[in-house]
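Below you'll find the structure, written out as structure tokens, and then a few comments.
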Amino acid sequence: MNKKKKQIPELRFPEFKNEGEWEMKALEDVLDYERPDKYIVSDTNYLNEGMPVLTANKSFILGYTNEDFGVYKKLPAIIFDDFTVDSKFVNFSFKVKSSAIKILTPKKKDDLRFIYELISQIDFNATEHKRYYISEYQKLKLPFPSIKEQNKIASCLSSLDDLIEAHSQKLVFLKDHKKGLMQNLFPQEGEKSPKYRFPEFRKDGIWAEKSLDEAATILKGKGISKADIVEDGDLPCIRYGELYTHYNETISTVKSYTNSNPEGLVLSKANDVIIPSSGETQIDIATASCVLESGIALGGDLNIIRSKINGVFLSYYLNNAKRHDIAQMAQGIAVVHLYPNQLKTLQLQIPSPKEQVKIAFCLSSLDEIIAAQTESIEQLKKHKKGLMQGLFPKMND
């Protein structure tokens, strides 16, 4: 006979170590639920500000409404979507998108934040339900500790969430700062010089104007198929789709490798700038990256810009001030194409080599800070996930 697994977490705060097993309870004994009929938004033309309109799936806030009646205010609450089997902890007034969302609140003194974190441990992928109705959801039995232990766990995880949110807000600020900086460091449409210049370049006059044909040679990459990619290949390579999914303005570490014969391929020279020659939309195809190393195989459907212009500077410049111009050159409906003959006509404003280097260093340094901030957030999320695995009994074994 199988021995019943004890509902005791691996990690426990010192004051609760001798309290024994958690008690199994059905959610219907712990949570009340409310059908949200009177809180459903009537106008689905969502706004950019106002009262949040919620859905429980990953997007969470669909948009905002100016409707000031039928607003849910008995907070906090958990919203549960029986279509997506997703839930969210909410501590601000809201409206909802549909009756598929149910609003959950505690019946007694149980800590709602704890309950939310507890139900987030449920592996709904293990169920056969395409839709998990509230009547079935409320029958689920989960382990509960004392109210005091619930409060302690909720407080710990809430503090960690506050830290993650603070870091996330900092990331938003950094990205906004980068966006504003690029708008001021490069000449915008109709301008001959940027709004902001570093002090040592303020007397240098307007940037030199020339076409991309005058400033660079434009080449085409040669085909590297998905079948050519091998995990332990000898030759690093870049395929055009990776510019959309993996790379930003600079490429220092390559994702893919191949064992294809390099003699039949186009290899990079350090400072090359690459732009896809095909894509799904015009604006997506206007994506430039600078390859920092020589000897990397550049696959088909890549335009290669080879010049004496600082490649990092050029990538940031093309992705900001010239993105709209490049997008307008692309042609096609189902698949959009961008050809070297089109790129050659692109008009550029170019500063001195020293100013190029200064701008490139400024923006790439900021991107390094953004990457470090992103990594910090990911590490905090991993820490929370690991902490939760220890603070809750294993429910899916």
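The values are calculated or read from the model by the stated rules, or taken from the named source; none is laboratory data. These figures come from a predicted structure and were not determined experimentally. Neighbour counts are summed over all protein chains in view; Cβ atoms, including those assigned to glycine, are modelled from backbone coordinates with ideal geometry.
Working only within the range 243-284, note down all residues that are within 24 Å of residue 320 (Cβ to Cβ) and among the hydroxyl-bearing types (Ser, Thr, Tyr).
Once the filter is applied, which keeps residues that are within 24 Å of residue 320 (Cβ to Cβ) and among the hydroxyl-bearing types (Ser, Thr, Tyr), the range 243-284 yields 244, 245, 247, 250, 252, 253, 268, 277, 278, 281.
Are any residues in the range 343-388 within 27 Å of residue 275 (Cβ to Cβ), out of contact with any strand residue (DSSP E or B) (no Cβ under 8 Å at 6 or more places or on another chain) and basic (Lys, Arg), and if so, which ones?
Selection gives 354, 358.
State the number of residues belonging to the range 75-98 that are surrounded by fewer than 17 Cβ atoms within 10 Å (Cβ to Cβ), within 16 Å of residue 40 (Cβ to Cβ) and of a type outside the set (Ser, Thr, Tyr).
First pass over the range 75-98, keeping only residues surrounded by fewer than 17 Cβ atoms within 10 Å (Cβ to Cβ): 75-76, 83-84, 91-93, 98.
Cutting the leftovers down to within 16 Å of residue 40 (Cβ to Cβ) gives us 83, 93, 98.
From what is left, the residues that are of a type outside the set (Ser, Thr, Tyr) are 83.
Result for the range 75-98: 1.
Only one of 259, 303 is surrounded by fewer than 21 Cβ atoms within 10 Å (Cβ to Cβ) and over 23 Å from the mean Cα position of the chain (by Cα); which? Please lay out each step first, then the result.
Numbers: 303 fails: surrounded by fewer than 21 Cβ atoms within 10 Å (Cβ to Cβ).
That would be 259, the only listed residue that is surrounded by fewer than 21 Cβ atoms within 10 Å (Cβ to Cβ) and over 23 Å from the mean Cα position of the chain (by Cα).
Wholly within the range 321-397, which helices (runs of 4 or more DSSP H) include no fewer than the required count, namely at least 2 residues that are more than 30 Å from residue 149 (Cα to Cα), touching a residue at least 60 places away in the same chain (Cβ under 8 Å) and in contact with a Leu (Cβ under 7 Å, 6 or more places away or on another chain)? Quick ask: steps written out before the conclusion?
Details: elements: 323-329, 340-343, 353-391.
Fully inside the range 321-397 and qualifying: 353-391.
Here are some conditions: (1) within 20 Å of residue 313 (Cα to Cα); (2) free of Cβ contacts under 8 Å to residues at least 40 places away in the same chain; (3) surrounded by fewer than 18 Cβ atoms within 10 Å (Cβ to Cβ); (4) touching a Gly at 6+ places or on another chain (Cβ under 8 Å). Residue 246 meets all but one. Which one does it not meet?
Residue 246 satisfies every listed condition except (4).
Considering each residue of the range 306-338, count those that are within 23 Å of residue 207 (Cβ to Cβ), within 27 Å of the chain's Cα centre (by Cα) and not hydrophobic (A, V, I, L, M, F, W, C), and give that number.
In the first step, residues of the range 306-338 are kept if they are within 23 Å of residue 207 (Cβ to Cβ); the result is 306-329.
Then drop every residue that is not within 27 Å of the chain's Cα centre (by Cα), which leaves 311-328.
Narrowing further to those that are not hydrophobic (A, V, I, L, M, F, W, C): 311, 315-317, 319-320, 322-325, 328.
Total satisfying the criteria: 11.
Which residue is surrounded by the most Cβ atoms within 10 Å (Cβ to Cβ), if the candidates are limited to the range 269-279 and must be assigned to a loop (DSSP other than H, G, I, E, B) and at pLDDT 95 or above? Step through it out loud before you land on a result.
If we filter the range 269-279 for residues that are assigned to a loop (DSSP other than H, G, I, E, B), which is where we start, we get 269-271, 277.
Cutting the leftovers down to at pLDDT 95 or above gives us 269-271.
Details: 269: 13, 270: 12, 271: 19.
Ranking the candidates gives 271 first.
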